[in-house]
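The next block holds one structure in the form of structure tokens; read it before the comments.
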Amino acid sequence: MSTNQLLEAHGKAALIFGAASGIGAAAAEAYASAGGQVMSADLAPQTPSSRVAPIECDVTDEASVGAAFAACVQQFGRIDAVVHSVGVPSVGPLASLSLADWRRVMDINLTSAFLVARAAWPHLKASGGAAVFVASTSGRNGGATATGPTYAASKGGMINLTRYLAREWAADGIRVNAVAPGPVMTPLMASVDPERRAAYAKALLTGRLIEAEELGAAIAFLLSDHARSITGAVLNQSGGLVLD
Ligand SMILES: NC(=O)c1ccc[n+]([C@@H]2O[C@H](COP(=O)([O-])OP(=O)(O)OC[C@H]3O[C@@H](n4cnc5c(N)ncnc54)[C@H](O)[C@@H]3O)[C@@H](O)[C@H]2O)c1
């Protein structure tokens, strides 16, 4: 059986926040390759390919998130899958962090997940669909000064939001999962200096940075019917950086 057959997204539609770049773009491509229709909701208007429809959206803005859901329903008539793949690092150490920056990163990384989840619920309830949140190893192991305390706290919050929603929405037939990647080679990572990137790769048991496509395939799997027994899970896709 081919991967596309395995993922089986024919006749389904996904709304992916952050699909203009990196992990979100890879998830959009994987879902489209499996036969699904995809809309990218992102500050940036570009999409990974012509198979993905764009809607400009600021995930920190309640009205903008609502408009993205409305546009997706208008275009595809349904929403079976929702992915949140928007996040920015903060800076450490904690003593040098301003309240304004704490709030900015929390807004982008975590409050946005609440806004997306709340807007997603009626659509996923109607379709019996699934959601995937892109967390991070930082949300599991406490992170590091390079990405700062707000990043670690926001990703930890996202992981527990995922678990909470898996329980609350189970009766509605909605599955909710997270992926927790280690360092992934995306534009976000390209801005890190090469020496630090090499150190990140060396720290992984697999010895290399993770490719965005690996995350895209995992997300498409978690959204598919083949993952119908998986909910409340946090997929450890860290190259062995964190061992369960
Ligand atoms: N790259 C890594 O090493 C890595 C590791 C672990 C977790 N993650 C997480 O994966 C997710 C995606 O990261 P990536 O590496 O693909 O980053 P990326 O920068 O390549 O993509 C992020 C996308 O989010 C969009 N975006 C930013 N702010 C937005 C906003 N307010 N509203 C709407 N869209 C917005 C950007 O335009 C961009 O298209 C993030 O949550 C990140 O924390 C990344």
Q) Taking Lys125 as the anchor, which lysines have their alpha carbon closer than 29 Å to its alpha carbon, excluding any fewer than eight residues away along the same chain? A) Lys12, Lys155
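Mind checking the full-extension length gain between Arg104 and Glu213? Use 0.36 nm per residue of separation minus the Cα-Cα distance, one decimal, nm.
36.4 nm
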Q | Projected label distance in nm at Ala203 and Asp61, using a 7 Å step from Cα toward the beta-carbon | A | 3.5
Q. From the residues Ala170, Gly128, Ser50, which one has its Cα farthest along the dipole of the chain in the positive direction, the dipole being from +1 and -1 charges on Cβ of Lys/Arg and Asp/Glu about the Cα centre?
A. Ala170
Q: Report the full-extension gain for the segment Arg51 to Leu243: residue separation times 0.36 nm, less the Cα-Cα distance, to one decimal in nm.
A: 65.5 nm
Q) Pick from Pro93, Pro181, Pro54: which is most flexible by mean-square fluctuation in a GNM of the chain where alpha carbon atoms under 10 Å apart are linked? A) Pro93
Q: Mind computing the radius of gyration and Dmax over the alpha-carbon atoms of the range 3-237? Å is fine for both.
A: 16.7, 51
Q: May I ask you to derive the relative contact order of the range 3-237, considering only C-alpha pairs under 8 Å and at least 6 residues apart, and to give it as an integer percent?
A: 21
**Q.** Over the chain: helical MRE at 222 nm, DSSP H runs n ≥ 4 each giving -39500 (n - 2.57), nearest 500
**A.** -13500 deg cm²/dmol
Q: Compute the semi-axes of the equivalent ellipsoid of the range 1-104, taking the square root of 5 times each eigenvalue of the Cα gyration tensor, and list them largest first in whole Å.
A: 29, 17, 10
Q | Estimated translational D of the range 101-183 in µm²/s (Stokes, Kirkwood radius over Cα pairs; 4 °C; 1.567 mPa s) | A | 99
Q: Could you check the simple spin-label distance between Thr111 and Met189, using points 7 Å along Cα→Cβ, in nm with one decimal?
A: 3.0
Q.
Between Arg163 and Val73, what is the label-point separation in nm under the 7 Å Cα-to-beta-carbon projection?
A. 3.2
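Taken together, the values in this text are just the output of simple stated rules run on the coordinates, not laboratory data. Being a predicted model, the structure only gives us computed values, none of them experimental. In this analysis, Cβ positions are derived from the backbone assuming ideal geometry, glycine residues included, and neighbour counts consider all displayed protein chains.
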